[in-house]
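Notes for the one structure printed next.
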Amino acid sequence: MVRPWLFLATVFLSAIARADTWIPAGAARVDISPSQSVRMMGYASRKSESEGVAQPIHARALALGDGTNAAVLITADNCILPGWITEEVRRRLGAKAGIAPERVVLSVSHTHSAPCLLGAAPNIFVSEISAAETNRIAAYTDFFVNRVEEVALAALDARDRKSTRLNSSHT
């Protein structure tokens, strides 16, 4: 199976590259595991919050290009990504790094072993979510958005001007 990263990187490289040029590229990864109990996503039959972390989950970013050609691909271990989170991350990266919103792509791995995010399929649970659980989901969501922003900025900072060479000549 071809990883989505390979496909997305190929698309972005072709979109920002000129023949026989070096493209600045940087990558980063951050842990996005919850530090407290929180409702997990993915299965309607779950009736309680998590009880610790069995395996860490991460957000990863790949930054390509520079200036107005910069683009950032971000993926996170989660099930569903609400649109408002994508818009907020794009807004923050625009304000802090000057990245155009259309040059920021967010995706999730669709794991069923990650915390619920605010606004992600709110009707998936069989039982009502308490106010305390909602507050913990909101707190995790704030943490998640901050960490996604952090990983994108780290990837942008990690770019190396001679890291990726693209030669588009065909023989």
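Things worth noting here:
- Only one entry in R147, R159, R103 is closer than 27 Å to Q55 by Cβ and under 18 Å from the mean Cα position of the chain (by Cα), namely R147.
- Inter-residue pairs, beta-carbon under 6 Å, first among the acidic types (D, E) and in region 132-149, second modelled with pLDDT of 95 or more, 6+ apart: E149/V89; E149/R92
- Number of residues in region 81-105 that are aliphatic (A, V, I, L, M) and surrounded by fewer than 16 Cβ atoms within 10 Å (Cβ to Cβ): the value is 2.
- Yes/no for V89 being free of Cβ contacts under 8 Å to residues at least 40 places away in the same chain, under 28 Å from L156 (Cα atoms) and touching an Asp or Glu at 6+ places or on another chain (Cβ under 9 Å): no
- Residues that are part of a loop (DSSP other than H, G, I, E, B), at pLDDT below 95 and hydrophobic (A, V, I, L, M, F, W, C), drawn from region 29-56: V38, M41, A44, V53, A54
The values are calculated or read from the model by the stated rules, or taken from the named source; none is laboratory data. Computed from a prediction, not measured in an experiment: that's the story for all the values here. Ideal geometry is used to build each Cβ from the backbone, glycine not excepted, and the neighbour counts take in all protein chains shown.
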